[in-house]
Amino acid sequence: MARRARMLAETETDLAGSWPCRYPTSVVWVSAGTWDGARTICPVVAHMVCCRHPFSVAIGLCRTEVAGGYYRRYAYDLAKETGEFVVNQPPVDSDALTALLGSYSGRGEAPDKFARAGLTAERGLCVAAPVIAECPLSLECAVTDEVIVGTHAVLIGRVLAIHGEGRS
């Protein structure tokens with residue numbers, strides 16, 4: 001089978017037919033805000049470990065409105081405001097919850113995402129952002145840097161605490 005290729009215009013926003021939908025990704029749930037106040041959960045596929053010493057991760061969040069369904073993420077605003085976020089690995093078979101969490105903002109009058117999804121917000125050890133109790137792995141992070149990449153921002157977070165099954 002022949003592969004297609006084309007150059008993208010610098011200002012192109014309609015990537016229909018061009019986005020590499022088969023590019024392998026996994027999703028994490030980024031929680032931001034405070035465990036008992038303004039808070040949200042945002043499914044994120046743009047994430048990675050970016051350094052081991054100090055242990056740091058990177059997440060990509062939309063920071064502006066863009067045609068085609070991209071909206072400024074509430075998680076971005078809360079992480080910028082507090083300087084903290086938590087990267088949570090979702091439980092196995094959580095596709096329906098991921099779809100629910102990605103279906104609305106959680107900003108303003110919208111229902112609390114934790115309550116609507118039936119998830120438990122726990123206090124972290126180092127940050128005010130909520131840790132999701134049902135997740136098998138959670139990384140509490142303090143924002144150390146931000147890189148603007150067009151419509152998105154890559155937040156670099158130093159991992160301050162790790163929550164995981166079988167860890168104490």
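Couple of notes before you dig in:
- Across the range 118-128, a minimum of one residue is classified as β-branched (Val, Ile, Thr), surrounded by fewer than 16 Cβ atoms within 10 Å (Cβ to Cβ), at pLDDT 95 or above and not in a helix (DSSP H, G or I).
- Residue pairs meeting the criteria (Cβ under 6 Å; at least 6 apart or on separate chains; first more than 11 Å from residue 79 (Cβ to Cβ), in the range 141-165; second in a strand (DSSP E or B) and among the aromatic types (Phe, Trp, Tyr)): 159/55
- Of all residues in the range 98-123, those that are touching a residue at least 40 places away in the same chain (Cβ under 8 Å) have Cβ atoms under 8 Å from Cβ atoms of residues that are among the polar types (S, T, N, Q) and not in a loop (DSSP other than H, G, I, E, B), 6 or more apart or on another chain, in 105/40; 106/40; 107/40; 113/40; 121/31.
Rundown of residues vs (1) at pLDDT 95 or above; (2) part of a helix (DSSP H, G or I), yes/no style:
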residue: 87; (1), (2): yes, no
residue: 105; (1), (2): no, no
residue: 115; (1), (2): no, yes
residue: 167; (1), (2): no, no
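- Filter pass, residue 134 being outside any helix (DSSP H, G or I), charged (D, E, K, R) and more than 25 Å from residue 52 (Cα to Cα): yes
- Flag for residue 57 being closer than 18 Å to residue 132 by Cβ, touching an Asp or Glu at 6+ places or on another chain (Cβ under 6 Å), not in a helix (DSSP H, G or I) and not acidic (Asp, Glu): no
The values are calculated or read from the model by the stated rules, or taken from the named source; none is laboratory data. What you are looking at is a predicted structure, and each value in this text was computed from that prediction instead of being measured. Note that each Cβ is placed from the backbone with ideal geometry, even for glycine, and that neighbours are counted across all protein chains shown.
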